Amino acid sequence: MSTALAAFTEPARPKNLLIRFITVGGSYVDVTGPGRHSEKNRWHCHGCGDSSDRPEEDYLFRIRPDANSHAAACRAIPLK
């Protein structure tokens, strides 16, 4: 028996990838940016295309919980 996770391949990892979460639908949410002390981090979901609202105001400690919550709730499957 195969799982949904086995059906999809992991997308290429961007150079500035900080954290990658897997969604319930088998897609990925990437947190990218300069790092911990920058306000220019953001998250993007490869499944549904949603992303952080304020990419120019996002310190890592603020967007990490949002990205994780999105991954826990998103059921979109990757189309690529």
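Based on DSSP H runs of at least 4 residues, each adding -39500 (n - 2.57), what is the mean residue ellipticity at 222 nm of the chain after dividing by all its residues, to the nearest 500 deg cm²/dmol?
About -6500 deg cm²/dmol.
Round to a whole number: what % of the accessible area of the chain belongs to carbon and sulfur, probe 1.4 Å?
Values: 2820 of 5420 Å².
Ligands and nucleic acids excluded, carbon and sulfur reach 52 percent.
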Between helix 60-73 and the chain: long-axis angle, C-alpha atoms, 0 to 90°, nearest 10: 20
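May I ask what percent, to the nearest 5, of DSSP beta bridges between residues of the chain are antiparallel? If you can, show how the numbers build up before the last one.
Values: 10 of 11 bridges.
Antiparallel bridges: around 90 percent, rounded to the nearest 5.
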Pairwise FRET efficiency - Arg75 versus Leu17, Cβ, R0 = 30 Å, nearest 0.05: 0.85
Two-site label geometry, Val24 and Lys40: point separation in nm, points 7 Å out along Cα→Cβ: 3.5
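Within the set of other residues whose C-beta is less than 13 Å from the C-beta of Cys74, count the net charge using Lys and Arg as +1 and Asp and Glu as -1.
Numbers: positive: Arg75; negative: Asp30, Asp50, Asp66.
It works out to a net charge of -2.
The values are calculated or read from the model by the stated rules, or taken from the named source; none is laboratory data. From a predicted model like this one, the values you see are computed outputs, not experimental measurements. Because the Cβ atoms are built from the backbone with ideal geometry, glycine has one as well, and the counts that use them run over all protein chains shown. Just so you know, the surface numbers come from the protein's heavy atoms only, side chains and all, with ligands and any DNA or RNA stripped out. Shrake-Rupley method; radii C 1.70, N 1.55, O 1.52, S 1.80 Å.
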